[in-house]
1. Taking the highest mean first, how do the peptides 40-48, 185-193 order by number of other beta carbon atoms within 10 angstrom per residue?
2. What's the local net charge at D346, with K and R +1, D and E -1, over the other residues with C-beta under 13 Å away?
3. I need the trypsin sites (Lys or Arg not before Pro) found in region 370-456, filtered to DSSP loop residues with at most 16 other beta carbons within 10 Å of theirs.
4. Given a Förster distance of 30 Å, report the FRET efficiency between E364 and T500 from their Cβ-Cβ distance, rounded to the nearest 0.05.
5. What FRET efficiency would be calculated for the residue pair A483, L173, taking the C-beta separation as r and a Förster radius of 60 Å, to the nearest 0.05?
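Please treat every number below as a calculation from the coordinates, not as lab data. These numbers were taken from a predicted model, which means no experiment stands behind them. So basically every Cβ, Gly included, is an ideal-geometry build from the backbone, and we count neighbours across all protein chains shown.
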Amino acid sequence: MSRPQSPEPALNVQGASSIGLGDEDAADGTQHSHRMLSFSDALLSIIATVMILPVTHTDISPEQEFDKSIQKLLATRIAVYLMTFLIVTVAWAAHTRTTFIDGVTFPVSLPLFRLFQVVGKIDDTLALLNLACMMTITFLPFTFSLMVTFPDVPLGIFLFCMCVIAIGAVQALIMGYAFHFPHLLNPQIQRSAHRALYKRHILRIIFHGPALCFVAAGFSLFFYPALVTCLSDVELEELPHVLDTRFFSDRRFAHAPSLLVTLPDAQQSYLLMATVIFLPYVSKAASWCRGRLVGPREPPAHSLEFFTFDLHGPLSKERVEAFSDGVYAIVATLLILDICEDNVPDPKDVREKFSGSLVAALSESGPHFLAYFGSFATVGLLWFAHHSLFLHVRKATQPMGLLNTLSLAFVGGLPLAYQQTSAFARQPHDELERVRVSCAIIFFASIFQFAIWTTALLQEGETLQPSARFGGQEHAFMFAKLALYPCASLLAFASTCILTRFSTAIFHLMQIAVPFAFLLLRLLVRLALAILRALPRLALRPAPTRPAPGGPRDDTCSPLLPAPC
């Protein structure tokens with residue numbers, strides 16, 4: 001164990017440990033928590049991504065037009081997916097977020113710690129508690145499917161909230177168990193005389209999200225039935241005076257007053273759940289405003305009041321990359337699942353419809369394969385842009401983490417874009433709307449990547465490598481690489497507004513052209529920079545001077561002038 005005056009060994013509790021330390025841990029029944037953390041990262045990235053499946057499997061028959069009702073249905077499901085994706089990332093962050101410890105009682109200032117760096121070692125009990133937490137998280141996609149399939153029934157929202165509450169409870173048990181057996185804690189926390197204060201502070205932060213979900217669950221389960229009971233005896237003709245008349249103008253809802261009553265209440269429950277995501281940012285903004293108005297608070301001497309275990313603080317760069325790689329890998333895998341499920345011909349159909357020709361049977365699925373290759377290229381190039389970006393990132397700040405989460409949420413929607421583009425052949429009359437949906441998903445997935453880069457430039461000395469800062473040799477190239485997909489998708493979207501008849505061709509042209517643009521990008525950037533550097537020199541080149549009237553002439557500069565008489 002490291003000595004109090006040397007912080008470096010304590011940093012190694014989560015990293016690569018020596019063989020001797022590993023043998024010693026195995027002998028006393030404990031082990032380092034880094035492998036369990038990696039397992040949690042992989043599982044959570046899968047769970048967050050597969051929640052797009054209920055959205056992609058929205059049943060739209062070929063005869064059904066892509067009208068406003070279908071657009072509203074998809075928009076609602078996408079909005080719920082985005083919210084649940086962000087909530088799952090909050091659960092993931094609770095396992096990996098950083099901890100800032102600035103206690104003045106320590107001989108040295110402590111570095112950043114994740115939640116499972118506070119718990120430096122695990123035993124069998126902690127491993128089982130973590131598996132219980134993971135099992136609860138794996139149940140989230142089922143509750144999400146209930147939410148999007150039965151929006152008029154509050155049970156889906158209630159079960160989702162209960163899962164979030166259970167996750168917070170298990171995390172609290174993990175913290176309580178670790179503090180009850182201090183040998184499982186990080187060595188520097190073990191030596192502290194204020195472990196009880198740390199424990200209370202950490203538990204208070206952990207319970208923020210579950211407390212809000214508890215309120216949302218209670219509102220959806222108890223307030224909703226009470227409101228329905230109060231309005232059950234109201235005549236349909238009187239309901240427009242109670243709720244918005246726009247809902248009742250359509251007689252299709254005449255026999256579903258409960259659905260109409262549910263909508264406002266469900267929205268309030270969703271709003272409470274969304275607060276779980278944005279409350280930390282609102283809190284930080286309020287603290288910043290308070291500091292501007294009344295000035296910063298003076299920390300009391302020998303106090304741990306400014307110890308902050310921040311579940312919503314900046315993540316380490318390695319954890320952001322690991323989680324992001326998991327999301328991109330799962331999205332790329334989901335694309336091929338639909339091909340394997342829907343586009344393998346039935347042997348009976350091959351014999352009867354195509355005279356035994358498997359090639360002819362597969363040719364019918366040509367648009368699906370084209371959509372698959374284009375979608376996979378989009379996922380791969382977005383991952384490559386993300387990889388290139390974080391190659392130049394030194395530190396991921398909190399705003400960068402939020403923007404990365406939003407980008408990943410839309411990357412998770414790329415299987416929906418694949419579903420839309422693969423439907424061109426079956427439903428050609430809806431191709432314009434489907435192209436626009438696909439362009440919008442690609443645009444938001446890429447523009448949030450560009451926003452990460454822009455945010456990093458605001459604190460470039462802290463967040464970026466020198467070569468990627470303003471004036472660095474890679475700055476212009478990174479700018480062009482991250483701006484390529486936003487510009488291409490926005491241009492394709494705008495082109496479909498003018499050339500509506502060629503919307504499908506425009507979209508496929510974008511998918512084909514962007515990979516080639518990536519290959520030629522560095523050459524094009526160098527050429528553009530060379531032109532930009534040459535323009536000032538051409539503008540500043542002095543014009544040839546003419547001799548003054550009556551002045552001496554320089555005959556050496558005018559060899560063709562006639563000789564003087």
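1. Values: 40-48: 21.6, 185-193: 19.4.
Taking the mean over residues of other Cβ atoms within 10 Å, the ranking is 40-48, 185-193.
2. Details: positive: K348, R351, K353; negative: E341, D342, D349, E352, E364.
Neighbourhood net charge equals -2.
3. Details: sites: R394, K395, R426, R434, R436; in loops: R394, K395, R426.
The qualifying sites are R394, K395, R426.
4. The computed FRET efficiency comes out at 0.70.
5. Computed FRET efficiency for A483 and L173 comes out at 0.80.
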